[in-house]
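Only one structure is covered here, and it is reproduced in the block below.
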Amino acid sequence: MRRRLLATLTAVLAATATGLALAQPAQAAPVDLVFANTTGTTFIAKQKVTADIPTSVVKTSIDLDAKTLTGTAEIPDLTVRLKLANLIPTTSIVRIVPQGGLTGTVDLGANKLETTTTFKLQVLRVFQDALPNLNLVSPGCTTKTATSATLTNTTPIDVFGTTTVAGTYKIPGFTKCGLLTPLLTTLLAGDGNTLTLNLKA
């Protein structure tokens, strides 16, 4: 008799749990999108120069229910052409070093996309064009603090084509660059810089 009661109770609990599970609204699984042919530019306000962003990979995971986005950006080193003291042509190799992943929101119905990325700028090399083998900065040359760029779409969202996002960011002062530390800060640090990415699968 006791065994029959236990079996009946177990069956009732199982049926109740199944009913509750069916009553819950279905939650959509995150949608993973990889933009492996992303290109773009960055404009450095103080120098009034634009550097091309080489083909990059942006990986995203979108929660359609929460309308949130997370991801990462793998951007190769940039080549930036500057003039020291407005006289000496130089070339700088700059690396965008992520300080955490991408975060943001996406609303396909409203056609709105916004992502925020936090990063430091590391200057790997600065050399005069006439002396390409002479690196003018010390190892470890980087911005003192991280900076952030919030990018919003300037074109309609198109996961099968290209979606352009753009925003502004501040370049902090530099540190550990050797003799060029104060000069790089004077030449580059400040507001009004822009970052534009053309997201393409």
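The values are calculated or read from the model by the stated rules, or taken from the named source; none is laboratory data. All figures in this text were calculated on a predicted structure; none of them were measured in a lab. Cβ atoms come from the backbone with ideal geometry, glycine included; neighbour counts cover every protein chain shown. Keep in mind that these areas ignore ligands, DNA and RNA; they rest on the heavy atoms of the full protein, side chains included. Shrake-Rupley method; radii C 1.70, N 1.55, O 1.52, S 1.80 Å.
The table that follows gives values for the structure above.
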| read-out | value |
| --- | --- |
| Only listed residue being part of a loop (DSSP other than H, G, I, E, B) and at pLDDT 95 or above, chosen from Asn86, Asn135 | Asn135 |
| Among residues of region 174-184, those that are modelled with pLDDT of 95 or more and buried (at least 16 other Cβ atoms within 10 Å of the Cβ), counted | 3 |
| Where a residue in region 128-149 is at positive phi and its partner, wherever it lies, is at pLDDT 95 or above, with Cβ under 7 Å and at least six apart | Gly140/Lys176 |
| Residue in region 20-32 that is under 30 Å from Val159 (Cα atoms) and at pLDDT 95 or above present | yes |
| Candidate set from region 37-96 (those that are within 15 Å of Thr115 (Cβ to Cβ) and among the acidic types (Asp, Glu)); member that is least open to solvent (accessible area, probe 1.4 Å) | Asp63 |
| Filtered residues of region 72-113 (kept if touching a Gly at 6+ places or on another chain (Cβ under 6 Å) and in contact (Cβ under 8 Å) with a residue 40 or more places away in the chain) | Leu102 |
| Of all residues making up region 103-112, the number that are open to solvent by 20 Å² or more (accessible area, probe 1.4 Å) and of a type in the set (A, V, I, L, M, F, W, C) | 2 |
| From Thr103, Thr155, residue being assigned to a loop (DSSP other than H, G, I, E, B) and among the polar types (S, T, N, Q) | Thr155 |
| Boolean, Leu124 is modelled with pLDDT of 95 or more, open to solvent by 20 Å² or more (accessible area, probe 1.4 Å) and either of a type in the set (Lys, Arg) or more than 22 Å from Thr38 (Cα to Cα) (or both) | yes |
| Positions within region 148-165 being touching a Ser or Thr at 6+ places or on another chain (Cβ under 6 Å), open to solvent by 30 Å² or more (accessible area, probe 1.4 Å) and closer than 22 Å to Gly100 by Cα, in sequence order | Ser148, Thr150, Asn153 |
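Residue-wise test of (1) among the aliphatic types (A, V, I, L, M); (2) within 18 Å of the chain's Cα centre (by Cα); (3) closer than 24 Å to Leu33 by Cα.
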position: Asp77; (1), (2), (3): no, yes, yes
position: Leu84; (1), (2), (3): yes, no, no
position: Pro89; (1), (2), (3): no, no, no
position: Gly104; (1), (2), (3): no, yes, yes
position: Gln128; (1), (2), (3): no, no, no
position: Leu131; (1), (2), (3): yes, no, no
position: Leu136; (1), (2), (3): yes, no, no
position: Asn153; (1), (2), (3): no, yes, yes
